[in-house]
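To start, the structure under review is shown below, and the notes come after it.
Here, each number is a calculation from the coordinates, and none is a lab measurement. Here the structure is a predicted model, which is why all the values come from computation and not from measurement. Quick reminder, even Gly has a Cβ in these numbers, built from the backbone with ideal geometry, and neighbours come from all protein chains shown.
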Amino acid sequence: MGDREPKLVDLAEADADEVFDALGSETARSLLLALHEEPRPASDLAEAVDTSVQNVQYHLTKLEAADLVEGVDTWYSESGSEMTVYAPADESLVLFAGEEPESSLRRLLERLVGAVGALAVGAVAVALAVGGSGGPEPTTGNATTNMSGPTVGPTGAATDPLVAVGAFLAGGLFVLAVLVVIERL
């Protein structure tokens, strides 16, 4: 049951009527909520929502027909009777009108991939600008160039290309995260 997905129900689709019919009573909604807490047989559900086993069976039949619950196991009572254990058929139930929720998430991810690509190009440009050509400095005479540490820029700050690229990417990713949060709110 750990790999279940949410059930998406478009209000414009025909199966929405069956879902609304199954969830039309408070008892049916209480049963579905109780099953989301833990799978149970009808007799335990009857106790949990304070109704008769016959009423629970009636609603479970409608919930099963709407693909909202399913039998997941069989238990045996103290008297040896078989009892079907019910559980929600999906992780959650999402009713929506208009555009499918997954497509808006997909569009958001596509935009993020484009933005991260732009950040990568910018990071390369920063690395080239900070690191220069990347080759050793020309030397004159017997002088040697120390290439082991970061260089010092005009402001006196270290300009190691990896630090500059990391700072550029971290800042860009932070801005993207803020924009995603703002859009979702």
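Quick look at the numbers
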| item | result |
| --- | --- |
| Net lengthening on full extension, Asp10/Leu162 (0.36 nm per residue, minus Cα-Cα) | 49.8 nm |
| Packing rank of 163-169, 70-76, where each peptide gets the mean count of other beta carbons within 10 Å, highest leading | 163-169, 70-76 |
| Shape category assigned to the range 1-103 from the gyration tensor of Cα positions, a/c cut at 1.5 | prolate |
| Tensor-based shape of the range 1-55 (alpha-carbon gyration tensor, a/c under 1.5 rounded, otherwise prolate or oblate) | oblate |
| Inter-label distance, nm, simple model (7 Å from Cα along the C-beta direction), Val94/Glu37 | 2.6 nm |
